[in-house]
Amino acid sequence: MPFPAVPPAIAALIRAVIVRHEGGYVHDPADPGGETKYGISRRSYPRLNIAALTLEDAVTLYYRDWWKGRLHFLALLPPSM
């Protein structure tokens, strides 16, 4: 299944939220999510190479798997959030 194109304004918003609230690469054995990068975890995406994930890959995953059905309300938040 091809990845959907992320509208530029939505991509910018998702990117800002990721940068502000999620970290870079972490591989803490005590973390039940396992390897994590940009808030994308091995537990949620077991076939994904988490270490090689780019910010743009993360934006596309958030859009495809979360934004379209759940996180669209973020567009209503003030930019300082």
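Quick notes
- List Val17, Val26, ordered by accessible area with a 1.4 Å probe, largest first: Val26, Val17
- Evaluating 6.51 cos²θ - 1.76 cosθ + 1.60 at θ = phi - 60° for every residue in segment 7-17, the Karplus couplings come out as x, x, 5, 6, 4, 5, 5, 4, 4, 5, 5 Hz, glycine and proline recorded as x.
- Net length available on complete extension from Asp57 to Val26 is 9.5 nm, with 0.36 nm assigned per residue and the Cα-Cα distance removed.
- Rolling a 1.4 Å probe over the protein chains gives Asp31 an accessible area of about 60 Å².
- Sparse-neighbour loop sites [GluC sites (Glu not before Pro); segment 1-62; at most 13 other C-beta within 10 Å; DSSP]: none
- Of the residues Leu53, Leu13, the one with the largest accessible area comes first in the ranking Leu13, Leu53, computed with a 1.4 Å probe on protein heavy atoms.
The values are calculated or read from the model by the stated rules, or taken from the named source; none is laboratory data. Computed from a predicted model, the values in this text were never measured in an experiment. With ideal geometry, Cβ positions are generated from the backbone for all residues, glycine too; neighbour counts draw on all protein chains shown. Quick note on the areas: whole protein, heavy atoms, side chains included, nothing else; ligands and nucleic acids left out. Shrake-Rupley method; radii C 1.70, N 1.55, O 1.52, S 1.80 Å.
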